[in-house]
Amino acid sequence: MMMVQFSKRVPADGTDAVGAILKAAADPKIISFAGGLPAPELFPVKEMKAAVDAAFDEHGRELMQYGAAKGVTALRELILKHVKEKENVTGELDNVLVTTGSEQVLDLVGKALIDPGDVVLVEQPTYLCALDVFKSYGGRFVSVAMDEDGMRMDALEDALKANPTAKLLYTVPNFQNPTGRTMPVERRKKLAELASKYDITVLEDNPYGEIRFAGKHVPAVKSFDKDGHVFYMSTFSKTLAPGFRLGWVVAPKEVVDKLTVLKQSADLHSDNLAQYGVVEFFKHNDVDAHVKEISDLYGKRKQLMIEGMKKYFPSSVKYTNPEGGMFLWVEVPGVDDTVAVFKECLKNNVAFVPGDPFFAGKPQPGAFRLNYSNMKEDKIEEGLKRLGDTLKKVVGEK
Ligand SMILES: Cc1ncc(COP(=O)(O)O)c(C=O)c1O
């Protein structure tokens, strides 16, 4: 067979650690907290079918034709209204680009900003697919320490001083993937201030902010941005359905123009049927009530997780207690090899994602991510019992 000369961008064989983990965890015997999927039982299937029908009735020929790279105007208007209402993020139509999932925002911003060797500041740990994307453009990562309140601003300022040419700072301030941590308002103000002071672009990724089941809403970093240093991105994946692949970015017009050119060469435009379907869905449904239903279910599941961990985990184990989102983060002291613990857990028919791939630099040993949004209530306790039994063996606690 011909030897294909892949570019340097292509990941080496055997480096898809998470793919391997999800595959191993897919056995039906296993109770898996490893994935990151929304609860499908709450997908508004009937309502979305009606919305898609209405979209065909209203815009049949238009939606079957090629469309504008920036996205359907009615959807961009809806997004503007939505981000103003939910996050106090303001802008004009020219500030919004519809993307094929918010994952595409990561890709377009990476492509637009990062040359090989450019420094990208990231939270430690952070969303692993963002690491993969920025790495593919040659980004050099500098990790910024976190505490229970998300990224530490003193650590960020040190990193900015030490890396004056850094191009991009990536943050997930609400119910972060993987830790579930949320940044309080004072830090967000400070972050916007530091972005201005050190003249760095902040990419604020907020897929989970609306899925809040406790505590009070915290406004977006972007709402404190006075001079266009913050790009705000979000998605319909967690509030409606990830399968529609619709996300967006709100950024200065000059930036959106460049991202639009890059989007055009990537996929011309996002799917028109999905875009008009979402517009019609919003017209005919109480979306806030739907999102509340999702939040309530995830809140209930998270609570069962906390109760199960209290009951079954060794006393030395620490975990986060998120007020929203889909994930929590566990730290087991005295563990050197988290993947070895994962393998032990698999033998006991329970799974998680080891923390290692979420770190740009040296991983924190003994840390891992648990997903609860996709876990039926009746499985949670048994899953945590299995996990706790294995962890007790690992840390030597009876
Ligand atoms: C932090 C974060 N950003 C972006 C995405 C991408 O989501 P989507 O492309 O479905 O909008 C995800 C998906 O899980 C995520 O966790």
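For region 337-380, the equivalent ellipsoid derived from the alpha-carbon gyration tensor has semi-axes of 22, 14, 6 Å in decreasing order. The HN-Hα couplings worked out from phi for region 168-175 by the Karplus form 6.51 cos²θ - 1.76 cosθ + 1.60 (θ = phi - 60°) are 9, 10, 10, 9, 10, x, 10, 6 Hz, whole numbers, x standing for Gly and Pro. Here V10 and E157 are evaluated by their C-beta separation; at R0 = 45 Å the FRET efficiency comes out at 0.80.
Using the beta-carbon distance between A20 and S315 and R0 = 22 Å, what value does 1/(1 + (r/R0)^6) give for FRET efficiency, to the nearest 0.05?
The formula returns an efficiency of 0.10 here.
In order along region 5-16, phi translates into HN-Hα couplings of 8, 5, 6, 5, 5, 6, x, 5, 4, x, 9, 8 Hz, rounded to whole numbers, per the Karplus curve 6.51 cos²θ - 1.76 cosθ + 1.60 with θ = phi - 60° and x for Gly and Pro. The phi-based Karplus calculation (6.51 cos²θ - 1.76 cosθ + 1.60; θ = phi - 60°) puts the 3J(HN,Hα) values of region 21-27 at 5, 5, 5, 5, 8, 7, 4 Hz, whole numbers, x for Gly and Pro.
Summarising the amide proton neighbourhood of Q124: residues at separation of 5 or more, or on other chains, whose placed amide H is nearer than 5 Å comprise V144, M146.
In region 45-284, a dipole from Cβ-located charges (positive for Lys and Arg, negative for Asp and Glu) runs towards its positive end, and of N174, P207, L63 it is N174 whose Cα lies farthest in that direction.
Accessible area per residue for the chain, computed on protein heavy atoms with a 1.4 Å probe, is 46 Å². Note on region 45-284: semi-axes of the ellipsoid equivalent to its C-alpha gyration tensor, largest first and rounded to whole Å, are 31, 20, 15.
Roll a 1.4 angstrom probe over the protein heavy atoms and tell me the percent of accessible area of region 273-398 that is carbon or sulfur. Show your work: numbers first, answer last.
On the way: 2690 of 5420 Å².
It is 50 percent, rounded to a whole number.
What is the dipole size for the chain, taken about its Cα centre, with +1 at each Lys and Arg Cβ and -1 at each Asp and Glu Cβ, in debye to the nearest 20? Intermediate values should be presented prior to the final figure.
Details: 52 positive and 56 negative charges, 157 e Å.
It works out to roughly 760 debye.
The values are calculated or read from the model by the stated rules, or taken from the named source; none is laboratory data. Not measured: the values here are computed from a predicted model. Please note: Cβ atoms are built from the backbone with ideal geometry, for glycine as well, and neighbour counts cover all protein chains shown. The area values use the complete protein model at the heavy-atom level, side chains included, leaving out ligands, DNA and RNA. Shrake-Rupley method; radii C 1.70, N 1.55, O 1.52, S 1.80 Å.
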